[in-house]
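Working notes for the structure below.
The values are calculated or read from the model by the stated rules, or taken from the named source; none is laboratory data. Note that the structure is a prediction, hence the values are computed from the model and not measured. Note: ideal-geometry Cβ built from the backbone for every residue, glycine included; neighbour counts use all protein chains shown. Accessible surface areas use protein heavy atoms only, side chains included; no ligands, DNA or RNA. Shrake-Rupley method; radii C 1.70, N 1.55, O 1.52, S 1.80 Å.
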Amino acid sequence: MKPQWKVSKTFIASLVPVDDLQLLCEEATKILQRQEMVVDVEAPAKVFGDIHGQFCDVLLLFKMYGIPDHHGGDVESVSYVFNGDFVDRGNTSCEVVVLLLCLKCKYPDRVWLIRGNHEDPEINEVYGWPEECRQKYGPVGGPLFRDLVNGVFAWLPLGAVIEKKILCLHGGLGRGTLETIQQIKEIPRPIYDSMTDELVMDILWSDPIQNDGIKGVHANPRGGDIVEFGPDLVQRFCMRNDLNLIIRSHQPFEDGYMFFARGHLASVFSARDYCGQSNDGALLFISRAGKITPKVIKARPDVDPQQYPCTRDASPVRRRNDFANVWTENNAS
């Protein structure tokens, strides 16, 4: 796994034919069907945020902070959690998906794939991935590949709990109807449409308010029925479920990560220079003792927005000075 690999339009198709991808998806689905809607994860662990089709950023994070491999890597001693939004926006979503599904099949109890809002057929229809699939697998193989992968996505868990103290989910707590982890566990699968169930939509789409001094539930700039939630909901949920921390993703940040709610909520985003904007990428390392350490890959100095195939409706990168009364580090451990 070397970040200097050159990824061409035929790279993944030449390595993995569609017939093999079908077998891969079938095996991944069987594994996910055996596992729970909220999975239990051992520490130490690494939590990755949104990848959005940026394969080389994943490889760079592996190179800098450890590879999920049992030959010289750390996967036998460290859990890997990928917290959703694997596809869309970037031009190597196919490579990202194949890599993550291979890792899940190879290490089913060490690698954990959590669902994001882009693991939804209606969402990943419009942000560049279908065109990439057709480009790499042709007019027949491309749609087949995407359908196969969306079939796997329907069985992804919505959450992971690390050592019973840290909950990982993609978006957030939403409008406050989510009160216990048990509620997430009871959501039935498969899920093909993330927008028809209010609880699922809250988990995958909601965001924290950018000011820890504002409490409650408020309208979200994303529009529709999506909401922003305040620090009071975070603290109440953590107390009720005996948690120290909630880790979520879903939004790009200047430093690749941010802490909210007196250190009880962390956001992590792994794709740097998201849609041509300048931002670092990050993962969060959780020690056995529960200490959270951000691991960062820096933004490029000369990012070109033209390199990104689909920037429409992209979330703006949150800058440090966008926030008021928020914590800059974790104090929940």
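Odds and ends about this structure:
- Loop-located GluC sites (Glu not before Pro) in the range 70-170 (DSSP state other than H, G, I, E, B) with a sparse environment of at most 15 neighbouring Cβ atoms within 10 Å: GLU76, GLU122, GLU125.
- The chymotrypsin sites (Phe, Trp or Tyr not before Pro) of the range 116-208 that DSSP puts in a loop, and whose beta carbon has at most 16 other beta carbons within 10 Å, are TYR192.
- Cα centre as origin, Lys/Arg/Asp/Glu Cβ charges: the range 170-282 dipole, Debye: 220
- Average silhouette area of the range 63-214, convex hull of alpha-carbon atoms, in square nanometres: 11.0
- When ARG288, ARG110, ARG236 are compared by accessible area at a 1.4 angstrom probe, the order from most to least is ARG288, ARG236, ARG110.
- At a probe radius of 1.4 angstrom, the accessible area of the range 203-273 per residue rounds to 33 square angstrom.
- Computed across the chain, the Kirkwood hydrodynamic radius from all distinct Cα-Cα pairs reaches 19.6 Å.
- Solvent-accessible area, 1.4 Å probe, carbon plus sulfur percent, for the chain: 50
- Near GLY66: Cβ cut-off under 10 Å, other residues only, Lys/Arg at +1 and Asp/Glu at -1. The net charge is +1.
- Treating each Cα of the range 152-245 as one equal point scatterer and applying the Debye formula with no solvent, the log10 of I(q)/I(0) at q = 0.12, 0.13, 0.19, 0.20 Å⁻¹ comes out as -0.36, -0.43, -0.91, -0.99.
- Candidate cross-link partners of LYS298 among the aspartates and glutamates, defined by an alpha-carbon separation under 19 Å and a same-chain spacing of 8 or more, comprise ASP50, ASP57, GLU254, ASP255, ASP273, ASP280, GLU329.
- Size descriptor, Kirkwood hydrodynamic radius, that averages inverse alpha-carbon separations across the range 10-66, Å: 14.4
- In terms of overall dimensions, the C-alpha atoms belonging to the range 46-138 reach 38, 22, 21 Å along their principal axes, ordered largest to smallest.
- In the chain, the DSSP beta bridges split such that about 50 percent are antiparallel, to the nearest 5.
- Whole-angstrom gap from the range 155-220 to the range 41-73, using each part's C-alpha centre: 24
- Other residues whose C-beta falls under 9 angstrom from the C-beta of LEU32 contribute a net charge of +4, scoring Lys and Arg +1 and Asp and Glu -1.
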